[in-house]
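See structure below.
The values are calculated or read from the model by the stated rules, or taken from the named source; none is laboratory data. Every value quoted in this text rests on a predicted model; they were computed, and no experiment measured them. Counting neighbours? That spans all protein chains shown, and the Cβs are built from the backbone with ideal geometry, glycine included.
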């Protein structure tokens, strides 16, 4: 029912209820591989991969990046040096 307005006509309410009831559940796969609603699956930390160039890893994100680089035909060429363009 709209707030502060007239109630919806009964045929509209019935049609909306029928439309909702006819919807199929998503057949998504949870992190554990079971068919379940992903939104209700427990949060699971992903397993950090072990790439061949382990010397380049400074944090878990680096490990995921190094594993995907061969698929993207990209190789590391040097350490990234971050600096600020703003003088402090």
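Tell me which residues, restricted to the stretch 34-53, are at pLDDT below 65 and under 15 Å from the mean Cα position of the chain (by Cα). Scanning the stretch 34-53 gives 37, 38. With respect to (1) outside any loop (DSSP other than H, G, I, E, B); (2) exposed (fewer than 10 other Cβ atoms within 10 Å of the Cβ); (3) modelled with pLDDT of 70 or more, the lone exception for residue 17 is condition (2).
For residue 63, state whether it is outside any loop (DSSP other than H, G, I, E, B), over 28 Å from the mean Cα position of the chain (by Cα) and at pLDDT 85 or above. Full working, then the answer.
Numbers: outside any loop (DSSP other than H, G, I, E, B): yes; over 28 Å from the mean Cα position of the chain (by Cα): no; at pLDDT 85 or above: yes.
In short, no.
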